[in-house]
1. Can you tell me how much longer the chain between Asp106 and Lys286 gets when fully stretched, taken as 0.36 nm per residue apart minus their C-alpha distance, in nm with one decimal?
2. Rg to Rh for the range 1-122: what is it, with Cα atoms only and Rh by Kirkwood?
3. Given R₀ = 30 Å, FRET efficiency for Ala122-Ser221 by Cβ-Cβ distance, to 0.05?
4. Just tell me which aspartates and glutamates come within less than 16 Å, Cα to Cα, of Lys7; anything on the same chain fewer than 8 places away is out.
5. Amide H to amide H under 5 Å from Phe337: which residues, 5+ apart in sequence or cross-chain, H placed 1.01 Å off N in plane?
6. Label Phe350 and Asp260 with points 7 Å out from Cα along Cα→Cβ: what is the distance between them in nm?
7. What order, most packed first, do the peptides 320-326, 47-53 have when packing is the mean number of other Cβ atoms within 10 Å of each residue?
8. Per residue, what volume in Å³ does the Cα convex hull of the chain take up?
Amino acid sequence: MTKFTVKEKIMVKPAEKLPRQSVWMSGLDLMTGNVHSPLIYFYKPNAEDSKFFDPKVLKESLSKVLAPFYPMAGRFRLDHSGRHEIDCNGEGVLFIVAKSSSLLEDFRHFAPTPVLRSLCPAVDYSGGISSYPFMLLQVTYFSCGGVSLGFRMEHRVADAPAFFHFTKEWSNMARGLDITIPPFLDRTIFRPPREVPNNMETRLYFPTNGRYSRLKPRPPSNYFGTGVFTATSTAVVSDLQSKPLWFASSRIHETLIQMDDDYLRSAIDYLEAHLNTERSGAHCYKSPNFKVTSWMKMPIYEADFGWGNPIYMGPGGNINEGKAYIIPSGNEDGSLFLVIALQQEQMKVFEKLFYECTEVKQLNNLSRASL
């Protein structure tokens, strides 16, 4: 584990005191268990700027952005029926300042190892659901002048598109700009209007974003909550082994076509009738199963706090076996990062088949994560 010294630990609260209220959570929100996803940004040194990642600038802008994104500063509680809801009490998010003797070069491959994971704050769940913040973040200053910004984000409060929306607006405010796209906070748009049968069943393998053209009417583009559904495409292993690659692609395409408005509305109905249905977990993706998440269309490199864009953004820790992320590089040259976790022997086979199928040469900065 990388060694660092914590210099400051503070709870940052919204700049404005807002009326206390509760936010209803949809079945989509409640599919995920107690998971704070680890995410991390790295930034090159900037010796010319005396305020490079100034903690005061970060804290003040974070406080400002928490005002429009006020659910982020709340805590969980149970309503009269025992259902999770967000208590918008303004208790804030945890902000940590740390210094490390490590170099940015020590993390040059960006593999989601335990060392990298240590740059994201740990979450203490022992006090119950009302005790821990929804977001914890740590800015770590390396001896070379580089910086990392590590997050732990409660997945039931915000999915990846919502998180990147929040981070982009925060970074805008750090540069002295006003908020560009306020969050849409009404989660009741996913409240089912009718009774649903109890025999619906779904399995989960890859995410499908319901924010765009699949739902009618489509949710507001600035909806802040969970709008990502999960889908499963199944096939017999022998068919995948014996048939051309297009066969697997066609099965995925068929599944995506089925994810229309009627299907997604039925999923919302099912999740409302079966609250706390978990959509993820290590047991879901082990061999022969698999999950792929793409962040290709997300503004992951737009978190410019005034000192330039990050050189890398990706998962901030170990990922489960059989899970993969496709991430664009920050070079804007069309290259990609593939972050994937497999058993050692499976990784060797995957690497061989990957380069045989794609007919590309291995890049020097390609990262591999093996269990």
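1. Full extension from Asp106 to Lys286 adds 61.8 nm.
2. Reported Rg/Rh (Cα atoms, Kirkwood Rh): 1.03.
3. 0.35
4. Here the aspartates and glutamates satisfying the reach criterion relative to Lys7 are Asp54.
5. Ile327, Ser329
6. Here the modelled spin labels are 3.4 nm apart.
7. Going by the mean number of other Cβ atoms within 10 Å, highest first, we get 320-326, 47-53.
8. Working: hull volume 57.1 nm³, N = 371.
Once divided by residue count, the hull of the chain is 154 Å³.
The values are calculated or read from the model by the stated rules, or taken from the named source; none is laboratory data. Because the structure is predicted, anything quoted here is derived from the model rather than measured. Cβ atoms come from the backbone with ideal geometry, glycine included; neighbour counts cover every protein chain shown. Ligands, DNA and RNA are excluded from the accessible area calculation, which covers all protein heavy atoms including side chains. Shrake-Rupley method; radii C 1.70, N 1.55, O 1.52, S 1.80 Å.
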